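Notes to accompany the following structure.
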Amino acid sequence: MKNMKRYLLGICACSLLTMTSCYDLEQLPQDAVVIDFNEPQKAYESLIGVYQSLNSSGVYNGLYSLESVTDLGWSTNGWWPAYDKYNVGMGIANAYYGSFSDAWTGQYEGIARANNIIANLENSTISEGIRIQYTAEARFLRALLYNNLLNYFGGVPIYDETFTGDASEMKKPRNTADEVRKFVLDDLAYACENLPKTRGDSVGLASEGAAYALRGKVYLYNKEYEKAKADFLQVVNGGYGYILNSSYASLFRPAGFEDGADNCKEIIFAVENMGGSATPYGLNVQFLGNRASYGSCINTNVASQELVNMYECTDGKPYDRDDFFKNISDEDLYQSIFDENGQKVVTYPPEVEKLKAMYAQRDPRMDATVILPYTIYRGWANNEAIDCEMVLAKDGYFSYEGNGYVRNAYNQDTYLWRKFVQEYDWGGTISDRAHSPVNWPVIRYADVLLMLAECYNQTGDQASAVSYINQVRARVNMPGLNSGPAWLQASTQDQVFERIKHERAVEFALEGIRFFDLQRWGELVEKTNGMKQTDIMGRLVGGVKTIDSKYNLWAIPGSEIDLNKSLEQNTGW
């Protein structure tokens, strides 16, 4: 199959929306475009429409905002439910909140497209090889989307390719979680057997390796550790060529911009994105970047102090502020004095060089993920590239990007995200803050290694578990576990499990994984409830999270229950 990103340049993305319609309970489609599935090109275009659905704000576009529902991040307001999740993260959402309906309808739209292809390919006259491959791709994508629904909501109604479009069929009750999981696994079994082993340089197309990785994740989330282990070992040893990229930071930069590697051999499956203005089809970073970012973004999503504190020192020792600074207040440590016009720094904190050295002595993933005080962010102002320093100002001054400083859109001294955020103008590949060209990683090889470590640990082989954890740590030159000091020791199942949980937090921050990890470990409430939104100096700048156990499964959207009385609401909603 052609490289999808190149192919999308020749397709108007909006035309794909008419190829199939979602399961909208309010109105059945009256104007669906009829596709001739006997023509390979038309069948291919329809298949691309399923891939395109992954870019929906309810699916993967804006999934970074899910971090505000965890201990790793915050949302600063609730104006854009698809991109901030504020009410969910604060524990004040109701069943009609937009984040829930976005997730529900986004997945089902893609499922409807996949079902349309699977049904029509069954009697198509195209070659058997193409028919089987396209069916396998559609079933992989359908499995991915149903698994997302399963993780968000638990059991949901299953609509498959036999759905005819009759309104009476759209009033189905929820299937059980076990039934949805079995449906997902059946699709993935077909995908594992019939997808191409690799897809060349296109990380956005389904492959055999991606199917095994996804199936392993499904098994792991259901605590079927031996089955999950077998699938992850297939990914590792199956000859697919997956490796950890040498640079962690470059994974989140677009290929073609300096060392950008968002399509490298570590990426098992991704949502491929494009910037530019000719065919905008990209990652919406408007709510992730800051005012110094290209397009003057509004950092609705910010990183938490809890996340920053998780990053170890370069010797593997847990971070402790007192190891670096004692008998100095946060204000004296961090705050600079600006000139009388608030334009330039005239006096930096006396310990600023020591402060910068402290940040440099931490796990490198921290600097690649978060913009830290007195570090440089490569921004954009006055239509040109500019290096901006993140300065914390005294006396209420807030710096301006045109003068070479990072600016928080909400005039708060919070940590800001660096990961996925545009640097300069990405070498001319972005012209709209709503369409960044950076691919969104759905499954990375690092994820497989850490999930495999979890399987080994849960089945009693701590030594093997540690070896896979250490592979991920070695990529960023962090010392291996059990390699010397007492703080690196991990031998019991509980000790190794804590190391796995730590590694997943710092490795995958902002990638939409933490929420589901906390959910399946039963730690969502423990890690989030009672969190106070503070700035870098510990001052309260927001609210307090009040997340309870009902958030482990999201509310079935109230609008869906209004239309389909057969749907039963989740507990607590």
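All of the numbers you see were taken from the coordinates with simple rules; none came from a lab. Because the structure is predicted, anything quoted here is derived from the model rather than measured. With ideal geometry, Cβ positions are generated from the backbone for all residues, glycine too; neighbour counts draw on all protein chains shown.
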**Asked** Using a simple charge model, +1 on the beta-carbon of Lys and Arg, -1 on the beta-carbon of Asp and Glu, nothing else, what dipole does the stretch 151-237 show about its Cα centre, in debye to the nearest 20?
**Response** 340
**Item:** Ranked list, fewest to most other Cβ atoms within 10 Å of each Cβ, for Cys297, Cys192
**Value:** Cys192, Cys297
**Message:** If I model a spin label at Gln343 and Ser127 as a point 7 Å from the Cα along the Cα→Cβ vector, what separation in nanometres do I get?
**Reply:** 6.8
**Request:** Rounded to the nearest 10 degrees, what's the angle between the helix 493-507 long axis and the longest principal axis of the chain, both from Cα atoms, 0 to 90?
**Result:** 90
**Asked** Per residue, how much space in cubic angstrom lies within the convex hull of the C-alpha atoms of the stretch 419-515?
**Response** 116
**Prompt:** Å³ per residue of the Cα convex hull, for the stretch 301-438?
**Reply:** 119
**Request:** Kindly rank 305-314, 465-474, 204-213 from highest to lowest mean number of other beta carbons found within 10 Å of each residue.
**Result:** 204-213, 465-474, 305-314
**Item:** In degrees, nearest ten, helix 177-194 long axis to first principal axis of the chain (Cα)
**Value:** 80
**Message:** Using the Cα centre of the chain as the reference point, and only Cβ charges (+1 on K/R, -1 on D/E), how large is the resulting charge dipole? Debye, rounded to the nearest 20.
**Reply:** 440
**Request:** Report Rg(Cα)/(2.2 N^0.38 Å) for the stretch 270-325, keeping two decimals.
**Result:** 1.73
**Message:** Based on the alpha carbons, how large is the Rg to Rh ratio for the chain when Rh follows Kirkwood?
**Reply:** 0.97
**Message:** Just want the answer: with Cβ charges of +1 for Lys and Arg and -1 for Asp and Glu, which residue in Thr546, Leu524, Asn341 is farthest toward the dipole's positive end in the chain?
**Reply:** Leu524
**Complete:** Links exceeding 22 Å between C-alpha atoms in this model, out of Lys171/Lys223; Lys223/Lys419; Lys227/Lys419; Lys197/Lys265, come to Lys171/Lys223; Lys223/Lys419; Lys227/Lys419
**Prompt:** Stokes-Einstein D for the stretch 343-407 at 37 °C, 0.692 mPa s, Kirkwood Rh over Cα pairs, in µm²/s?
**Reply:** 258
**Item:** Where N is the number of residues in the stretch 277-371, Cα Rg divided by 2.2 N^0.38 Å
**Value:** 1.38
**Asked** When Cys455, Cys264 are ordered from fewest to most other Cβ atoms inside 10 Å of their Cβ, what list results?
**Response** Cys264, Cys455
**Prompt:** Which of Gly110, Gly129, Thr164 sits closest to the plus end of the dipole of the stretch 97-205, meaning its Cα is farthest towards the positive end, when Lys and Arg get +1 and Asp and Glu get -1 on the C-beta?
**Reply:** Gly110
**Message:** I'd like the projected area of the stretch 416-470, averaged over all directions, using the convex hull of its alpha carbons. Report it in nm² with one decimal.
**Reply:** 5.7
**Request:** Give the whole-number value, in cubic angstrom per residue, of the convex hull volume spanned by the C-alpha atoms of the stretch 524-573.
**Result:** 86
**Prompt:** Under unit Cβ charges (Lys, Arg +1; Asp, Glu -1), what dipole magnitude, rounded to 20 debye, does the stretch 301-438 have relative to its Cα centre?
**Reply:** 280
**Request:** Please order Met451, Met531 by the number of other Cβ within 10 Å, starting at the fewest.
**Result:** Met531, Met451
**Prompt:** Quick one: if you stick a label point 7 Å off each Cα along the C-beta vector at Glu523 and Glu179, how many nm between them?
**Reply:** 3.4
**Prompt:** Using Cα-only point scatterers and the Debye equation, what is log10 of I(q)/I(0) for the stretch 34-121 at each q in 0.13, 0.22 Å⁻¹, rounded to two decimals?
**Reply:** -0.52, -0.94
**Request:** Summarise the long-distance tail of P(r) for the stretch 202-254 by giving the % of C-alpha pairs beyond 18 Å.
**Result:** 43
**Message:** Can you tell me how the stretch 152-237 classifies by the Cα gyration tensor, rounded, prolate or oblate, using a/c under 1.5 as the rounded cut?
**Reply:** oblate
**Complete:** Measuring from the longest principal axis of the C-alpha atoms of the chain, the long axis of helix 128-153 (C-alpha) lies at a number of degrees, nearest 10, equal to 50
**Request:** Take peptides 136-142, 347-353 and line them up by average Cβ neighbours within 10 Å, highest first, as a rough protection proxy.
**Result:** 136-142, 347-353
